[in-house]
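**Q** First the structure, which I've put down as C-alpha cells, then a few questions once you've had a look.
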Amino acid sequence: MELKDTIRFYRKQKNMTQEEMASALGISTPAVNKWENGISCPDISLLAPLARLLEISLDTLLSFERQLSNKDIENLAKEANHRLQHQSFDDAWKWMLQKVHMYPNCDSLILQMAVLANAFCLTHEEIRTSEIENQIHNWFNHLLQSQDETVRFHAATSLYHRFLNDGQYNQAEEILQFFSTQNPLRKQYQAFLYEKTGKTEEALKLYEELLFQEYQLISTIFASMNAISITQNDLQKSKILTNKMVQLARIFEMGRYHEVACQLDLATADKDIAKAEELFKEMIECIDTISSFTSSPLYQHMSFKPQDTDFIQDLKQKLMQSYQQEFHHQISES
C-alpha cells in the first residue's frame, strides 16, 4: 500500500478519527487529511510518533518490503499495462516511475516496466521523447549487470532490437557480448546484422551453421524419444518417430546413410529380421554417403574436414564384422 492508504487503513483499524490523530500528534486536522489524500506526506520527525500511535512498525508504515514476490511483480505489471491502456501516458508513466523508485533493486520489476514502456512507445510514436527513451534505455542498460541470468538475457534482447530498429548496427553488435556463446540466438542475431550491413557471405555462413546445428539437436531429440518408446514397447510411437527421422535426414540433406541408419532400431525392436538385414546391408553399401552433407548446397559456405577414407573403410569393416558375428546372430535367434 502507499503511505496515504497505510495511514488511513490503520487509523480506521483503531477507530480513530482524523481529528483524534491530529490532536495526538499535535498537528492540524487538515494536515492529516492531506496525508490520506496523497497531497502531502508527514514530516520525517513525525514518522516514529505516527507509527507508535498506529501501533505498527516503521517498515509497515512506509510499506517497506525487502523483496517483491513473483506474484507481486505480475500484479504490478498488469496494473501498469492497464494504466497504459486506460490513462494518459503521462499519468501511467509517472506511476511506473514511482514503482521503480520504490523498489530500485528489484530487477524483475524494472524489466517488466521497461518492456511495457518500450512496447508502448514503439506503437505510439507521438509519445516518444528523448527523456522517456533515455529512461527506458538506462533501465535496460542497468539490467545488463543483473545477477539474474534471465533478466540479463531479456534486457540484452530488448536493447539489441531497439538498436536494430533505429539502424544503430554497431551498437546492436556490441550488445551480442551479453549473450552466451552457446546461445544460438547470438549467432542468429549476428547473421541478421551481417545481412543488414551487406555482408551476405558472412550471413549465409552463420545461417548454414545454425541449420546444421539444428539438425543435430532435433535428430538427437527424436532418437532419444525413440529409444524411450522402444523401451516402453510402444512400437507405434517408434514408427512415427522413425519416419520423422528419415524425413529429417532427407530435408537437411544428410545423405542416404543417415536416412537408413535411423530405421534399424525399430526393425530390431519389431523383430523384423528381413527388414533389419536389409537395412544393415544398405548401411554397409552406402557408408560412403555418411559425410555427403559436406557437398550439399545447403552448407556450401561452411568448411568441413576432408572425408577420412581410412576411417570410412575401417568403419565399414567393423560394421560388416558386427553384422556377421553379433547382429545377424542375435536377429536369427529371435
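Computed from the coordinates by the stated procedures, all read-outs in this text should not be read as laboratory data. Remember, predicted model here, so these are calculated numbers, not experimental data. Note: ideal-geometry Cβ built from the backbone for every residue, glycine included; neighbour counts use all protein chains shown.
**Q** Less than 14 Å from a label point 7 Å out along the Cα-to-Cβ axis of Q147: which backbone N atoms in the range 76-116 qualify, by residue?
**A** Residues 105-108 fall inside that zone.
**Q** Can you give the helix-only mean residue ellipticity at 222 nm for the chain, where every DSSP H stretch with n ≥ 4 adds -39500 (n - 2.57) and the sum goes over all residues, rounded to the nearest 500 deg cm²/dmol? Spell out each step's value before the answer.
**A** Working: 19 runs with 235 residues, N = 334.
Calculated from helices alone, the mean residue ellipticity at 222 nm is -22000 deg cm²/dmol.
**Q** Rounded, prolate or oblate: which fits the range 70-179, taking a ≥ b ≥ c as square roots of the Cα gyration tensor eigenvalues, rounded meaning a/c under 1.5, else prolate when a/b beats b/c?
**A** Values: a/c = 2.13, a/b = 1.23, b/c = 1.74.
The shape class here is oblate.
**Q** Next question, about the same structure. Calculate, in nm to one decimal, what E253 and Q177 gain on full extension: separation in residues at 0.36 nm each, minus their alpha carbon distance.
**A** Between E253 and Q177, full extension yields an extra 24.1 nm.
**Q** Compute the relative contact order of the range 50-145 as a whole-number percentage, counting only Cα pairs closer than 8 Å that sit 6 or more residues apart in sequence. Don't skip to the end; give the middle numbers.
**A** Values: 45 pairs, mean separation 20.9, N = 96.
Reported as a whole number, the value is 22 percent.
**Q** Let me ask you something else. Of the options S40, H258, I127, report the single residue whose Cα projects farthest towards the positive end of the charge dipole of the chain (beta-carbon charges: Lys, Arg +1; Asp, Glu -1).
**A** Projecting each Cα onto the dipole axis, the largest value belongs to S40.
**Q** Please compute the Kirkwood hydrodynamic radius of the range 189-281 from all pairs of different C-alpha atoms, in Å with one decimal. Display every interim value, and only then the final one.
**A** Numbers: mean 1/r = 0.0672 Å⁻¹.
By the Kirkwood definition, the hydrodynamic radius is 14.9 Å.
**Q** Given Cβ point charges of +1 (Lys, Arg) and -1 (Asp, Glu) and nothing else, what value in debye, to the nearest 20, does the dipole of the chain about its Cα centre take? Intermediate results must be reported in sequence, preceding the final value.
**A** On the way: 32 positive and 46 negative charges, 174 e Å.
Dipole about the Cα centre, nearest 20: 840 debye.
**Q** Could you sort out which of K237/K316; K205/K239; K14/K94; K187/K318; K71/K94; K99/K196 sit more than 28 Å apart by Cα distance in this structure? It would help to have the intermediate numbers written out before the result.
**A** Numbers: K237/K316 31 Å; K205/K239 35 Å; K14/K94 33 Å; K187/K318 38 Å; K71/K94 22 Å; K99/K196 38 Å.
Result: K237/K316; K205/K239; K14/K94; K187/K318; K99/K196 exceed 28 Å.
**Q** Putting +1 on Lys and Arg Cβ atoms and -1 on Asp and Glu Cβ atoms, find which of Y169, L3, Q190 reaches farthest to the positive end of the dipole of the chain.
**A** The residue sitting most towards the positive pole is L3.
**Q** Can you work out the FRET efficiency for the pair A274 and L210, with r the C-beta to C-beta distance and R0 = 51 Å, to the nearest 0.05?
**A** Working: r = 40 Å, r/R0 = 0.78.
It comes to 0.80.
**Q** Fewest to most neighbouring Cβ within 10 Å: what's the order for H161, H258? Please report the intermediate quantities before stating the final value.
**A** Values: H161 15, H258 24.
Going from sparsest to densest Cβ surroundings: H161, H258.
**Q** Next question, about the same structure. For the range 144-232, take every pair of Cα atoms, bin their distances at 5 Å starting from 0, and report each bin as a whole percent.
**A** Each 5 Å bin holds this share of Cα pairs: 3, 13, 18, 18, 15, 12, 9, 6, 4, 2, 1.
**Q** Can you give me the pair-distance distribution of the chain, C-alpha pairs, 20 Å bins, whole percents?
**A** With a bin width of 20 Å, the distribution comes to 21, 32, 26, 16, 6, 0.
**Q** Right, something else. If you fit an axis through the alpha-carbon atoms of helix 130-143 and take the longest principal axis of the Cα set of the chain, what angle between them do you get, 0 to 90°, nearest 10?
**A** Roughly 60 degrees, rounded to the nearest 10.
**Q** Whole-Å semi-axes of the range 203-252's equivalent ellipsoid, largest first, each the root of 5 times a Cα gyration tensor eigenvalue? Don't jump to the answer; show the numbers that get you there.
**A** Working: eigenvalues 148, 21, 4 Å².
Listed largest to smallest, the semi-axes of the range 203-252 are 27, 10, 4 Å.
**Q** What shape does the range 1-103 take by its C-alpha gyration tensor, where a ≥ b ≥ c are the square roots of the eigenvalues and a/c under 1.5 counts as rounded, a/b above b/c as prolate, and the rest as oblate?
**A** Details: a/c = 2.49, a/b = 1.78, b/c = 1.40.
Taking the square roots of the gyration eigenvalues as a ≥ b ≥ c, the range 1-103 is prolate.
**Q** How large is the Kirkwood hydrodynamic radius of the range 11-67, counting all unique pairs of alpha carbons, in Å? Mind showing how you got there, number by number?
**A** Working: mean 1/r = 0.0847 Å⁻¹.
One over the average 1/r among Cα pairs gives 11.8 Å for the range 11-67.
**Q** Calculate the spin-label point distance for I27 paired with S57, positioning each point 7 Å from the Cα along the beta-carbon direction, and give it in nanometres.
**A** A separation of 2.3 nm, rounded to one decimal place.
**Q** Roughly how many nanometres apart are two label points built 7 Å out from the Cα toward the Cβ at N75 and Y169?
**A** It is 4.8 nm.
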